[in-house]
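These notes are about the structure you will find just below.
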Amino acid sequence: MPEPFVTIPCLDVHGVTRETRLALFRLVLLQRIAEERVMTLYRQGRIPGSVYTGRGQEAVAAAGGLALDPTDVIAPLNREMAAHFARGVTVGDVFRNYLGKADSPTRGRDGNMHFGMASKDVFPLVSMLGDLCPLIVGAALAFKRRGEARVALTFWGDGAFSVGDVHEGLNLAGVLHVPAVFVIQRNGYAYSTPTTRQMLNTSITERVRGGWSLPCEEVDGTDAIATYVAIRAAVERARNGEGPQAIEAVSMRMEGHAAHDAGNYMDQDEKRRYETERDPVERLAARLLLDGFSAAEVDSHRQAASDEVAAGLAEAELSPAPDPASLADGVYAQPL
Amino acid sequence: MPEITYLEAITSALRDAMRDDRSVFMIGEDIGHFGGPFGVTKGLIDEFGPERIIDTPIAEEGFVGACMGAAWMGERPIAELQFADFIACCFDAIVTVGAKTHWRSGIKLPMVLRAPYGGGVRGGPFHASSPEGWFVGVAGLKVVAPATVEDAYGLLRSAIDDDDPVLFFEHKGLYRRLKGEAPATGTRTPIGKSIVRRAGSDVTVVTYGSGVDLALRTATAIEGAASVEVIDLRTIWPLDLEPVLESLGKTSRLLVLQEAARSTGAGNLVLSRVAREGFELLDAPPALHAPIDTPVPFAPELEDGYLPSLDSLTRALRDLLDY
Ligand SMILES: Cc1ncc(C[n+]2csc(CCOP(=O)(O)OP(=O)(O)O)c2C)c(N)n1
C-alpha cells in the first residue's frame, strides 16, 4: 500500500500577522468557491463563452493582490481572480462580467475574467499574452517620473514568458529602473504544452537573473504565506527605488486550460498528489489550525466566503442585460 | 512672420506642448542628444532633460506598450518611431490595447505615436512605406496626416491634447521641402475635420499628407485646362466625408490620390463611402490614383515611376475629365 497523501501546511513565517493570514484565507476561498460556482453555471449553460479558473494558483493571486498598497496598480490575468478581490472588486462584479450584464465592469462587452476596473486601478486583462508586461512598465515609469512611491504589478504564465513583448518589457524595465513587479506563474503547462517544451531552461528565476540582470526569487506558489512574504518584499524593494523585481511562483494548474479542456494530457498521478499535498486553500487552512484557530473557526471562514459568493451571484443575476443600442458608446474617450 | 519647415513645425509643437503640460513626455530610439534620425527632437533634451526625452532600447512593442501604461496613469506620452514602417513591430499594442481599452473599461489612453512615413527619399521597402491604411477602420484609434506646415503644428498639438490614442503620420519627404509661415504658438487644427485647400468646379481631388502638395501643384499647372478642387482629409480615420460630398455636388467628378499602394491607404474608404452615399452626384466613375500593389522600390528609376507625380496625376485627371 502506498503512503496516503497528506496536506502540507504553509510554512510559519514570522511576522505575518493573524490578520494577514485570515485575509489571505478569505481571498483564496473566495476565488475557489466563486470559480467552482462559475464552473457549475457553465455546465448548466448559464454562462456564455468560456471559463478559465486558477485552481491551484489561488495563493499567488491572493498574495499578489494583498502585497500591494491601496495606491498601487495591478494588471491581473485570468488565473488571478483573488487579486481582483484584494483590490476591492466584488464577487458581484465578477459574476456580472461572466454573465455579460449591462452593469458589469465591461458593460457586457467582454466576458469571464477579461476585465479590469478603472476605479480600483485594475487594468483590464488583455488576451494577447505579453502585452501587459510593457504596459505595467509604463505605469511604473509614470510613478518614477512623478516621484510617487507607488508600484505597478502584473502576472503572467510560463507560456507567456516566451512572448517577445515580455523580453522587451523586462529589458525596458531594467534600463529605465522603474518600480514594476512581475509575478510569473510557473504552473507546468501552457494550454496543453508542458513548460519543458516551452523553454530549454525552465528556471525562470535563472533566466530573469541571468538574461535581464533583474532580481528574481523563486517561491512555492501553493504556500500563500511564503508567496505573500516574497511578493511583499519585492514590492517594497521596488517602492524603495531598487528597480524592477520578479517573482517566480511555482504551482500546478489543477484543471485543464479552460472549462472545455479536461486536461487529459496532464500527469494524473502527479495531479492527485498535488491536489492533496499542495492544494493552496487546504495548506493555508492547515496552517491556521496549527496557529491555534479551532476547526469551527476555520469552517466559519469557509462559510462566510461561501455566503459572500452566493450573495454576489444572487445580486449579479438581478442585473439587466446590456442594450444593443448602447454599443457604440465609449469607442472614443473624446468622440469627434 | 518667419518661414519655417514642416519639420520645424513638428519640433515647435513638441516643445510648446512640453512647456505647457508636465505630463507630456517623449520616448523613442536615439531621440535624446542625437535628435532622432531626422533631427525632429534635436535640442529638446537640452531644455527638458533625459527624464522627459527618453531614449529607449530598440523595442517598439515595449516602449509603445509602456506609453499605454503611462497614459493609463494620466501621463501624455509621445512615442517616436524612426520610420513608420516599424509600426508593424508594435501593431499589437496599438490595435489591441490602444484601440479597445476605453470601450472595454472606460480607461483613457491619451498618447501620440509619431510615424515618419512616405517615399521619395530612396528608402526602399523598409523605410518608405505608407502603412496608415492598416489603421483605417480600427474603432478606438484616430489617425491624422498633416499636409501643411500649419497642420504639422496644429494637428500635433490637438493630438497631444486628445484623450484617445492618435497615430500621427508625418511625411518624410515634406520635412524640409515644405515651408510656410510659422503657426502662432498654441494653434490647434481640429481632429476629424477635412478642409478644402483649393476651390474648383470641374473635378474634386481628395487626398492627404504628401498628396496635397502634389495635387495643388498639379492644379496650378493645369489651371487653364481644368478647374480642380483639392480636399485635404487631414484626419484619415475617422473620416470626415461631408466636405467631399459637398464638393461633388459641384464638380460631379472624383479622383482619390494617395501615396499608399492602391489597395490599402485611406482612399478606398473614401471611394466606398462615396459609392454608397454620393452615387447620384457622380458623372463619371471615381478614379483612384495610387501606386501599384508592391512594396516601395529603391532605385530612382523604379521609385519615381511608382509614386504619383505631376505628370501621372495630370494624365489621370485628363482621363477622368475626358470620360
Ligand atoms: C500571444 C498569445 N498567443 C496565444 C494565446 C492563446 N492562449 C491563451 S492562454 C494560452 C496558454 C498560456 O499559458 P501560460 O502563459 O503558461 O498561462 P496559463 O494558461 O498556464 O495560466 C494560450 C496559448 C494568447 N492568449 N496570446
B:TYR117, A:TYR332, reordered so the largest accessible area comes first (probe 1.4 Å)
A:TYR332, B:TYR117
For the stretch B:195-321, the Cα convex hull volume per residue in Å³ comes to 96 Å³
Where a ≥ b ≥ c are the square roots of the eigenvalues of the C-alpha gyration tensor, would you call chain A rounded, which needs a/c under 1.5, or, failing that, prolate if a/b is larger than b/c, or oblate?
rounded
For the stretch A:280-297 and the stretch A:67-95, what is the separation of their Cα centres, given in Å?
24 Å
Centroid-to-centroid separation of the stretch B:220-277 and the stretch A:222-275 [C-alpha atoms, Å]:
56 Å
Any residue on another chain or 5+ positions along whose placed amide H is under 5 Å from the amide H of A:THR106 is listed here as none
With everything on Cα atoms, drop me the angle between helix B:210-221 and the longest principal axis of chain B, reported from 0 to 90° to the nearest 10.
30 degrees
Between B:ILE292 and B:SER263, the two model label points (7 Å from Cα along the beta-carbon direction) sit apart by a distance in nm of 1.4 nm
Answer rounded, prolate or oblate for the stretch A:88-172, using the Cα gyration tensor with square roots of eigenvalues a ≥ b ≥ c: rounded when a/c is under 1.5, else prolate when a/b is larger than b/c, else oblate.
oblate
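Under a 1.4 angstrom probe, counting protein chains only, how are B:LEU254, B:LEU302 ranked by accessible area, largest first?
Working: B:LEU254 0, B:LEU302 105 Å².
Ranked list, largest accessible area first: B:LEU302, B:LEU254.
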Straight-line reach from B:LYS172: which lysines fall under 17 Å, measuring Cα to Cα and dropping same-chain residues less than 8 apart?
B:LYS42
Between their Cα atoms, which of A:LYS120/B:LYS108; A:LYS120/B:LYS142; B:LYS100/B:LYS142; A:LYS144/B:LYS100; B:LYS142/B:LYS179 are more than 20 Å away from each other?
A:LYS120/B:LYS142; A:LYS144/B:LYS100; B:LYS142/B:LYS179
Simple spin-label model, 7 Å along Cα-to-Cβ: B:ARG15 to B:PHE279 in nm?
5.3 nm
Excluding residues on the same chain fewer than 8 positions from B:LYS250, give the lysines whose Cα lies under 20 Å from its Cα.
B:LYS193
Please work out the FRET efficiency for the pair A:THR71 and A:ALA311, using the Cβ-Cβ distance as r and a Förster radius of 25 Å; give the result to the nearest 0.05.
0.30
Please calculate the 1.4 Å probe accessible area of A:ASP329, with all protein chains present, and give it to the nearest 10 Å².
80 Å²
Using a 1.4 Å probe, what is the accessible area per residue for the protein assembly as shown, in Å²?
37 Å²
Return the percentage of antiparallel bridges among DSSP beta bridges fully within the stretch A:18-319, rounded to the nearest 5 %.
10 percent
Once amide H atoms are built 1.01 Å from N in the peptide plane, which residues 5 or more positions from B:VAL206, or in another chain, come under 5 Å H to H?
B:ILE231, B:LEU255, B:VAL256, B:LEU257
Given a 10 angstrom Cα cut-off, can you work out which residue in A:ILE184, A:ILE136, A:ILE47 is the most mobile in a GNM of chain A?
A:ILE47
Sum of side-chain charges, A:ASP279 neighbourhood, beta-carbon under 14 Å (Lys, Arg +1; Asp, Glu -1)
0
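Calculate the FRET efficiency for B:GLU181 and B:GLU242 from the Cβ-Cβ distance with a Förster distance of 35 Å, rounded to the nearest 0.05. Kindly include the intermediate steps, with their values, before the conclusion.
Details: r = 28 Å, r/R0 = 0.79.
After rounding, the FRET efficiency stands at 0.80.
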Under a 10 Å cutoff between Cα atoms, tell me which one of B:TRP103, B:TRP237, B:TRP134 has the largest fluctuation in the Gaussian network model of chain B.
B:TRP103
Between A:VAL331 and A:GLU275, how many nm apart are label points set 7 Å from Cα along the C-beta direction?
4.8 nm
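List the relative contact order of the stretch B:3-181 as a percent without decimals, with contacts defined as Cα pairs under 8 Å and 6+ residues apart.
Values: 369 pairs, mean separation 48.9, N = 179.
Result for the stretch B:3-181 is 27 percent.
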Hey, what do the phi angles of the stretch A:113-127 turn into as Karplus ³J(HN,Hα) couplings, whole Hz, using 6.51/-1.76/1.60 and θ = phi - 60°, x for Gly and Pro?
8, 7, 8, x, 9, 4, 5, 9, 6, 10, 6, x, 3, 10, 5
Mean-position separation - Cα centroids, the stretch B:1-20 and the stretch A:313-332, in angstrom
45 Å
Quote the convex hull volume per residue of the protein assembly as shown, based on C-alpha atoms, as a whole number of Å³.
168 Å³
In whole Hz, with x marking every Gly and Pro, tabulate ³J(HN,Hα) for the stretch B:116-125 from phi via Karplus 6.51 cos²θ - 1.76 cosθ + 1.60, θ = phi - 60°.
x, 10, x, x, x, 10, 6, x, x, x
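What is the calculated FRET efficiency for B:ARG198 to B:ASP163, with r their C-beta to C-beta distance and R₀ = 51 Å, to the nearest 0.05? Could the numbers behind the result be given before it?
Values: r = 33 Å, r/R0 = 0.65.
Approximately 0.95, to the nearest 0.05.
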What order do B:ARG52, B:ARG19 take when sorted by accessible area (1.4 Å probe), most exposed first?
B:ARG19, B:ARG52
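To the nearest 500 deg cm²/dmol, what mean residue ellipticity at 222 nm is calculated for chain A from DSSP H runs of n ≥ 4 alone, each contributing -39,500 (n - 2.57), summed and divided by the residues? Present the calculation step by step, with values, prior to reporting the outcome.
Numbers: 11 runs with 148 residues, N = 336.
That comes out to -14000 deg cm²/dmol.
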Looking only at B:VAL296, B:VAL97, B:VAL230, which one moves most when chain B is put into a Gaussian network model with springs between Cα atoms under 10 Å?
B:VAL97
Using the Karplus curve 6.51 cos²θ - 1.76 cosθ + 1.60 with θ = phi - 60°, work out ³J(HN,Hα) for each residue of the stretch A:243-256 in order, rounded to whole Hz, and write x for Gly and Pro.
x, x, 9, 10, 10, 9, 9, 9, 8, 9, 6, 7, 9, x
Give me the Debye-computed log₁₀ of I(q)/I(0) at q = 0.16, 0.23, 0.27, 0.32 Å⁻¹ for the stretch A:205-255, equal point scatterers on Cα only, no solvent, two decimals.
-0.48, -0.85, -1.01, -1.14
Using only the C-alpha atoms of chain B, find the volume of their convex hull and express it per residue in Å³.
125 Å³
Give the accessible area for B:LYS179 in Å² (nearest 10); use a 1.4 Å probe, count only protein heavy atoms, and leave out ligands, DNA and RNA.
130 Å²
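Say a site is exposed when it is one of the GluC sites (Glu not before Pro), sits in a DSSP loop, and has at most 16 other Cβ atoms within 10 Å; what is then the longest site-free stretch of chain B? Please list the in-between numbers first.
Details: sites that count: B:GLU51, B:GLU223.
For GluC sites (Glu not before Pro) (loop position, at most 16 other Cβ atoms within 10 Å), the longest site-free span of chain B is B:52-222.
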Can you tell me, using C-alpha contacts under 8 Å and at least 6 residues apart, the relative contact order of the stretch A:14-126 as a whole percent?
24 percent
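The values are calculated or read from the model by the stated rules, or taken from the named source; none is laboratory data. Keep in mind the model is a prediction, meaning the values are calculated, not measured. Note that we place each Cβ from the backbone using ideal geometry, even for glycine, and neighbour counts take in every protein chain shown. Side chains included, ligands, DNA and RNA excluded: accessible areas come from the protein's heavy atoms. Shrake-Rupley method; radii C 1.70, N 1.55, O 1.52, S 1.80 Å.
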